[in-house]
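Just below is one structure, and these are the notes that go with it.
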């Protein structure tokens with residue numbers, strides 16, 4: 001008899017544990033559903049902002065909402081410009097590194113060849129490379145200046 005009673009108690013405890021776990025699962029599912037709904041709402045807001053930024057139209061009905069949304073759009077655009085400026089700075093640094101690498105290779109080449117041939121061949125090529133690098137730097141500077149002007153607007 002006592003074995004049967006002990007087994008019944010174990011079964012009852014297991015059933016209670018299962019009920020608790022089911023309740024915890026239900027709560028977890030409800031939390032997931034709530035987060036999913038929130039994510040969908042945020043996705044809609046992001047899509048609205050992107051659409052508004054693309055068409056330059058304010059989003060929302062009220063004037064306060066329009067102002068806030070407009071400010072958000074401007075801030076996003078400024079962040080994009082800052083990111084592009086950073087990419088331009090990296091490109092500028094890469095151009096400088098390549099220019100230095102070219103200059104070093106030319107020095108090595110000049111040192112390995114006869115003095116007359118090295119000096120004559122190197123100067124024309126070096127001038128062309130320097131001109132190309134100068135043009136690239138000017139383009140990068142113009143792009144950066146235009147983006148900075150947008151930031152200040």
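Worth pointing out:
- Residue in region 137-153 that is at pLDDT below 65, assigned to a loop (DSSP other than H, G, I, E, B) and farther than 30 Å from residue 46 by Cβ present: no
- Out of 100, 134, one residue alone is farther than 30 Å from residue 55 by Cα, loosely packed, with under 13 Cβ neighbours inside 10 Å and at pLDDT 80 or above. It is 100.
- Scanning region 37-67 for residues that are over 23 Å from the mean Cα position of the chain (by Cα) and either at pLDDT below 75 or not in a helix (DSSP H, G or I) (or both) turns up 57, 58, 59, 60, 61, 62, 63, 64, 65, 66, 67.
The values are calculated or read from the model by the stated rules, or taken from the named source; none is laboratory data. Everything quoted here is computed from the prediction, not taken from an experiment. Positions of Cβ are backbone-derived with ideal geometry, glycine not excepted, and every protein chain shown enters the neighbour counts.
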